[in-house]
Amino acid sequence: MILTKRLAVALGLGTILIGSAVAAPANRHDGTWSVRMVTDSGVCDSSYNYSIAIENGSVRYLLQPGDSPTTVSGRISSDGAVDLDIRRSIAKVDANGRLNGKAGSGTWKLGMLGCTGRWTAQKRSSDV
């Protein structure tokens, strides 16, 4: 009788754990990414490099030694669509594009300085 109850509890817990894993799959874009932004027009520097972390579609900037304070807001949708604002001091960059597997690309614009360009991204790790 006790063995039957233990088996029933173990099976019940296994079902709950498996059900939770199926109900909440990890976002395939989650992880750390290296981003390179290249300027095509305007008075901005020729290129910028960033590291970001994506977790459940939310994005955060990974501060590197010597970096100016930078914030990243926006979302990465489950299909990989990118819609972000990158802010450093009073400058605000709008970035759009798409992540696909372990890479991504798109365009960016810094209106206040008349700069536009393109970005590429490479997934470095699935860890956040």
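List of remarks:
- Distant-in-sequence amide H partners of R118 (H built 1.01 Å from N, under 5 Å): V38, D40, W108
- Paramagnetic reach from S51 in the range 72-96 [backbone N under 18 Å; point 7 Å along Cα→Cβ]: 72
- Convex hull of Cα atoms in the range 31-125, direction-averaged projection (nm²): 5.5
- The slack between Q122 and A81, meaning 0.36 nm per residue of separation minus the straight C-alpha distance, is 13.3 nm.
- Extension reserve of the S89-M112 stretch, reckoned as 0.36 nm per residue once the Cα distance is removed: 7.0 nm
Every number here is computed from the coordinates shown, using simple stated rules; none is lab data. What you see is a predicted model, and the numbers here were worked out from it, not measured in a lab. Quick reminder, even Gly has a Cβ in these numbers, built from the backbone with ideal geometry, and neighbours come from all protein chains shown.
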